[in-house]
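Colleague: Quick one: the structure is below, and I'll ask about it shortly.
The values are calculated or read from the model by the stated rules, or taken from the named source; none is laboratory data. All figures in this text were calculated on a predicted structure; none of them were measured in a lab. Cβ placement follows ideal geometry from the backbone for every residue including glycine, while neighbour counts extend to all protein chains displayed.
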Amino acid sequence: MRAIYKFQGKYKRGNILSLSLIFCSILPFIIACGGGKEVKKESYDYRITREAFSVAEAVRTAYVKKDFSSIQQMSTKEGYSDIVDSIRHFDSVDLTFTPKWVEIEQSKIYLNVAWKGIWITGGETTKERGMAVFLLDGSPLKISKVLRGNPFKYPER
């Protein structure tokens, strides 16, 4: 009878030990997830930056699809004419934008975007890359000018 008693004692100590190990491993998760911390509101600069990236991406997508009405919605009159007047004929294009930098000066937003494009026209392939600077303003933001590195002027003749 003593052997059974000792076995049960070891078994109970083993349960307590494993339960305490489980509790100790779960405790950090409980502490990290709890507390009801407030979620920080996004800053004005962050919101504007995100909106500027979104506008540039929408214009890029519309350009690829040759959807001029969408380009017009995302641009001011001057910006729309700046983009559309520079567009050359192409059969298809693979254009990617990588946002690099945003400068915010009161109501003007300068968006720097690295771009790469592959245009196919009549069986000929043109590859180009560059750095564009878009000027955005208004509320909601709209492209008002392509200051340099216009990716929409390719393929050049």
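Colleague: Only one residue in Ile83, Ile143 is under 27 Å from Tyr46 (Cα atoms), of a type outside the set (S, T, N, Q), buried (at least 19 other Cβ atoms within 10 Å of the Cβ) and in contact with a Gly (Cβ under 6 Å, 6 or more places away or on another chain), so which one is that?
Modeller: Answer to the selection: Ile143.
Colleague: Quick one: would you say Thr126 is surrounded by fewer than 16 Cβ atoms within 10 Å (Cβ to Cβ) and assigned by TED's automatic domain parsing to the domain that holds Glu57?
Modeller: Here the answer is yes, as Thr126 does meet what is asked.
Colleague: Out of the range 113-157, which residues are basic (Lys, Arg) and closer than 15 Å to Ala58 by Cα?
Modeller: Answer for the range 113-157, where residues must be basic (Lys, Arg) and closer than 15 Å to Ala58 by Cα: just Lys142.
Colleague: Which members of the range 62-96 meet the condition of being more than 19 Å from Thr126 (Cα to Cα) and within 19 Å of the chain's Cα centre (by Cα)?
Modeller: Ala62, Met74
Colleague: For the range 1-115, which helices (runs of 4 or more DSSP H) that fit wholly inside it have 1 or more residues that are at pLDDT below 95?
Modeller: 2-33, 44-65, 77-86
Colleague: I've got another one for you. Using the structure shown, decide if Ile120 is surrounded by 14 or more Cβ atoms within 10 Å (Cβ to Cβ) and either more than 21 Å from Lys153 (Cα to Cα) or touching a Cys at 6+ places or on another chain (Cβ under 9 Å) (or both).
Modeller: So Ile120 fails the test.
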